[in-house]
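Values quoted throughout were computed directly from the atomic coordinates according to the rules given, and no laboratory measurement underlies them. Note that the structure is predicted; figures quoted are calculated from it, not measured. Reconstructed Cβ throughout: ideal geometry from the backbone, glycine too, with neighbour counts over all protein chains shown.
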Amino acid sequence: MSLQDKYASVVSAAQSAGLSDLSVQEQDGVLYITGKASSSAAKDSVWNALGAIDSSYTATDINIDVQVSGLAAGASLTVATDESNLNIRQEPSTEAAVVGKAAKGEVVTLVEQSSDDWWKIKTADGEEGYAYARYLKA
Amino acid sequence: MKKTFKIAALALMVSMTAVSCKKKVSDAELTSQATTAITAYPGTSVEVKEGQAHLSGVFATEADKQAAIDALKKVQGIKDVHDMATVAPAAAPVEVNTVDAAVLQKVNDALKDIPGVKAEDVAGTLTLTGTTTAANARKVKESVDALKIGKYDNKITVK
C-alpha cells in the first residue's frame, strides 16, 4: 500500500481545506503534504484528519507542513495557550527578553508573520514583540 | 466425402464472415474501445480515425504513456497509434533540511512548553523521546514537520 493510499483521508482533507500552493509528494519513504492555509481552522482540519488515523501523532512517514500564512497586518489573533500567559519577546527566540504578556483568550493584533514559528504582535495595551505562532489562532 | 466438403465449405464461410465482420468495426466503436483501454489515465484521450488511434493529453509519467500506447495497440482493429500526448514535468523534489544546531534550536523552542519530551541529535537523526499527551504530541509533530528534516525518530509515548 502506497503512502498516498495509507494517508488518502489526510490528502483529501488537504484538498478540501482550500490550501494554496498545495503539493503532495512521496519521497524517500515520507509523504510530504505542503501548503498554505488562510486560517487556523483550515490547518487544523488537515491535522484532525491525521489524528483520525494516527491518534498519537507519532508517525514519521508523513510530513505535514501546512502553515497559516498570508495574513494581513492588523489581523486579529486569539491567544490559544493551554492555561498560562503567552510571552511576548523582544526577539524571535525563547532566549530573548520578555517584553509583555497576553492572557489566554485575549485578542491581539498581528504586526507581521516574521517566520513560520514566530509572529510579531501587538496587544491592546500597546505591548509589541514576538510570540510563538503555535499559540495564536487566526 | 460430400458431407466433409460441405462442412469445410461452411467453416470457410463462417471464418470469412468473421473476418469481414472485424473489418466493419467502425471508428466510433474503436474510439469507444480505445477510450476504455486508457481509462486509468485521467487527463488523456484517444480518437480513432480510419483505424489509426490518435492519443493526446498529459500523462503523469513516460511509463504511463508507454503503457497506454501498448494497451491501444492491443485493441483489435487499431492499425497504428499516433502519439500526440505529453508527459507532465516532474515535480521538484522536496527540499529536506539536515539536522544542525539551528534546526535543533528550533526543535527545542518547540519543546519548551512540553514537559517530558526531549530532542537529541543521534548520529545525524533527530530523535524524540519521552511521554506526553496526544495533544502535546501533535504540537511537537506540527513544529518538527514544519522544519522538513525528512525521516526522524519519534519515540514519544502517548499516555
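Once the Cα atoms are used to define both axes, helix A:40-53 deviates from the longest principal axis of chain A by about 40 degrees.
In whole Hz, with x marking every Gly and Pro, tabulate ³J(HN,Hα) for the range B:94-107 from phi via Karplus 6.51 cos²θ - 1.76 cosθ + 1.60, θ = phi - 60°. Result, ordered by residue: 5, 7, 9, 8, 8, 7, 10, 4, 5, 5, 4, 4, 5, 5 Hz. Here the spin labels are modelled as points 7 Å beyond Cα on the Cα-Cβ line, and at A:Ala103 and B:Glu120 they lie 4.2 nm apart. Within the straight-line cut-off of under 18 Å between alpha carbons, the aspartates and glutamates reachable from A:Lys36 are A:Asp21, A:Asp44, A:Asp65, A:Glu112, A:Asp116, A:Asp117, B:Glu95, B:Glu142, B:Asp145, sequence neighbours fewer than 8 places apart in one chain being disregarded. Charged neighbours of B:Gln52, selected by a Cβ distance under 11 Å, balance to -2 (K, R count +1; D, E count -1). Can you give the net charge of the other residues whose Cβ lies under 12 Å from the Cβ of A:Ile64, counting K and R as +1 and D and E as -1? So the surrounding residues net to -2.
Taking 16 Å as the straight-line reach from the Cα of A:Lys6, the aspartates and glutamates in range (excluding those fewer than 8 positions away in the same chain) are A:Glu26, A:Asp28, A:Asp54, A:Asp61. DSSP beta bridges fully contained in the range B:101-158 are about 60 percent antiparallel. Legend: mean number of C-beta atoms from other chains within 10 angstrom of residue C-beta atoms, peptide A:52-64, equals 6. By DSSP, what percent of the beta bridges with both residues in chain A are antiparallel, rounded to the nearest 5? The answer is about 75 percent antiparallel. Pairs over the 22 Å Cα-Cα cut-off, from the set A:Lys120/B:Lys118; A:Lys43/A:Lys101; A:Lys101/B:Lys155; B:Lys139/B:Lys159; A:Lys120/B:Lys106: A:Lys120/B:Lys118; A:Lys43/A:Lys101; A:Lys101/B:Lys155.
Excluding same-chain neighbours fewer than eight residues apart, the aspartates and glutamates reachable from B:Lys112 by a Cα-Cα span under 12 Å are A:Glu95.
Annotation: amide H of B:Gly57 within the under-5 Å range of B:Ser45, B:Thr86, sequence separation 5 or more or interchain, hydrogens built in the peptide plane.
Only Lys, Arg, Asp and Glu carry charge here, each on its Cβ (+1 for the first two, -1 for the last two); on that basis the protein assembly as shown has a dipole of about 1840 debye about its Cα centre.
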